[in-house]
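Below you'll find the structure, written out as structure tokens, and then a few comments.
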Amino acid sequence: MPAQKQSRPAPGPAEIAAAMTALGIYAQPPAPEELAQQAHAVGGEHVLAAVLANALYGASIGTGMVTEGNMLEAGAGPEEMALAREQVFKASGADWTGAMGLLHWQTGHVWNFLKNTGEEEPSPLGTAGAHASNALLHLLSCMSVTGPDDPRAADVPAELRSVRADLVAAVEALDALAAATTPASPGGTPAP
């Protein structure tokens, strides 16, 4: 999925480190020299900014989970939860296409985690989850196409074929799980 055009420059490592300090992740922001050394070690300031931004995203998710848990314990209902969660899109400044991009980016995190976990410890559920999240990635790519004149419109048929193939693979993994967990009949075949 192509990157969104930015109306303002992306924050650099120093700004992101300051945000992490504000959230309490860092006791104090790293010194400019430390950031320069870290940037050199990872391959450049743009790589360090992405690393730190993703760390900030993870910290924000953790903060969101804790505060939503507190809301639920205090008796918040679906309306309050929806209000809280809408802020993700408002804070991102996303329009429809941007919201699809944001969901695509978040789903990419899910897919990457499930795929890597499945490679380390294969399981039918992990395989199904990886395929289902990959299907959602392709579907979100299609949903971000703004119209027939969008250059990505030509990719939609192939993307939809990928959605279908991943969903079929997810169902096959679930069927394998069901077959493995179904009690066997006296003849050794799975009971209906």
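The values are calculated or read from the model by the stated rules, or taken from the named source; none is laboratory data. Note that the coordinates shown come from a computational prediction; the quantities given were computed from them, not determined experimentally. We work out accessible area using only protein heavy atoms, side chains counted, and drop any ligands, DNA or RNA first. Shrake-Rupley method; radii C 1.70, N 1.55, O 1.52, S 1.80 Å.
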| Accessible-area composition of segment 1-130, carbon plus sulfur, in percent [1.4 Å probe] | 62 percent
| Averaged per residue, what accessible surface does segment 48-192 expose to a 1.4 Å probe, in Å²? | 62 Å²
| field | Heavy-atom accessible area ranking, 1.4 Å probe, most first, across F89, F113 | value | F113, F89
| request: Over the chain, calculate the relative contact order: mean separation of alpha carbon pairs under 8 Å at least 6 apart, over the residue count, as a percent. | output: 15 percent
| query | Can you give the helix-only mean residue ellipticity at 222 nm for the chain, where every DSSP H stretch with n ≥ 4 adds -39500 (n - 2.57) and the sum goes over all residues, rounded to the nearest 500 deg cm²/dmol? | reply | -24500 deg cm²/dmol
| request: Mind running the shape call on segment 1-106? Use the C-alpha gyration tensor, a ≥ b ≥ c as the square roots of the eigenvalues: rounded below 1.5 for a/c, prolate if a/b tops b/c, oblate otherwise. | output: oblate
| message | Pick from G98, G62, G75 the residue whose mean-square fluctuation is largest in a GNM of the chain, springs joining Cα atoms under 10 Å. | response | G75
| task | For segment 28-72, report the translational diffusion coefficient in µm²/s to the nearest whole number, using Stokes-Einstein at 37 °C, 0.692 mPa s, and a Kirkwood Rh over Cα pairs. | result | 274 µm²/s
